[in-house]
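Notes follow the structure.
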Amino acid sequence: MLRKRVTKISRILLFVFGAIASAMAQMPNPYGPAISLEEAKKAAAPALAEAAKNKWTVAVAIVGPAGNLIYYEKMDNTQLGSAEVAIDKARTAALFKRPSKAFQDALAAGGDGLRILGLKGAVPIEGGIPLVMDGKIVGAIGVSGGTSAQDGQCAKAGADTVK
């Protein structure tokens, strides 16, 4: 009886750690040329519109694949600390080729996920999403100012417009 229980628990743990590992996996997409300023502004607009529609105040940053700032906009009355956080979330998504939420989820799971704390430049907070055009990562969007989920919702609105 004890042996069956241990086997069942082991299988469950393997499944959980496998799910965490797959969520943490980088996108297979290669890097492409940096998103243009015009396209960056187009990506930021729906993120800002989503925030305004919900009466949230946010900062939005668009970076290129190397994490260099391409475009930035902060809504009036957004907390000042969100300025850098939005850029950091975007850089995380671009440099690590995955949404910053993947780091948040891994950290929340504990165990091996705590290694995230040792990754230089990895911000484990939802709100950063890679931007993909023609199958290549051309940058990332980062949003900060609301809750993590609100920031993620706004970032997704912007990322979904990039084709």
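Below are the figures for this structure:
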| quantity | calculated |
| --- | --- |
| Area accessible to solvent at SER36, 1.4 Å probe radius, in Å² | 50 Å² |
| Coordinate range along principal axes, alpha carbons of the range 56-133, Å, largest first | 40, 29, 19 |
| Size of electric dipole in the chain: Cβ of Lys, Arg +1 and of Asp, Glu -1, about Cα centre, debye, nearest 20 | 940 debye |
| Cα convex hull of the chain - mean projected area over all directions, nm² | 10.7 nm² |
| Cβ-Cβ FRET estimate between ASP76 and MET133, R0 fixed at 25 Å, reported to 0.05 | 0.25 |
| Label-point separation, ALA45 to TYR31 (7 Å along Cα→Cβ), nm | 2.9 nm |
| On Cα atoms only, tilt of 82-95 relative to the major axis of the chain in degrees | 60 degrees |
| Value of [θ]222 nm, deg cm²/dmol, for the chain, DSSP H segments ≥ 4, -39500 (n - 2.57) each, nearest 500 | -15500 deg cm²/dmol |
| Partner lysines for LYS120 [C-alpha distance under 26 Å; skip if fewer than 8 residues away on the same chain] | LYS74, LYS89, LYS97, LYS101, LYS136, LYS156 |
| Sum of side-chain charges, PRO99 neighbourhood, beta-carbon under 10 Å (Lys, Arg +1; Asp, Glu -1) | +3 |
| Cut-off under 5 Å, modelled amide H: who pairs with VAL132 long-range | VAL138 |
| Between 0 and 90°, nearest 10: helix 37-53 axis offset from the chain longest Cα axis | 70 degrees |
| In degrees, nearest ten, helix 100-109 long axis to first principal axis of the chain (Cα) | 30 degrees |
| Length-normalised contact order of the range 98-140 in % [C-alpha pairs under 8 Å, at least 6 apart] | 40 percent |
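The values are calculated or read from the model by the stated rules, or taken from the named source; none is laboratory data. Only a predicted model underlies this, so the values are computations on that prediction, with no experimental measurement involved. With ideal geometry, Cβ positions are generated from the backbone for all residues, glycine too; neighbour counts draw on all protein chains shown. These area figures cover heavy atoms from the full protein model, side chains too; ligands, DNA and RNA do not enter into them. Shrake-Rupley method; radii C 1.70, N 1.55, O 1.52, S 1.80 Å.
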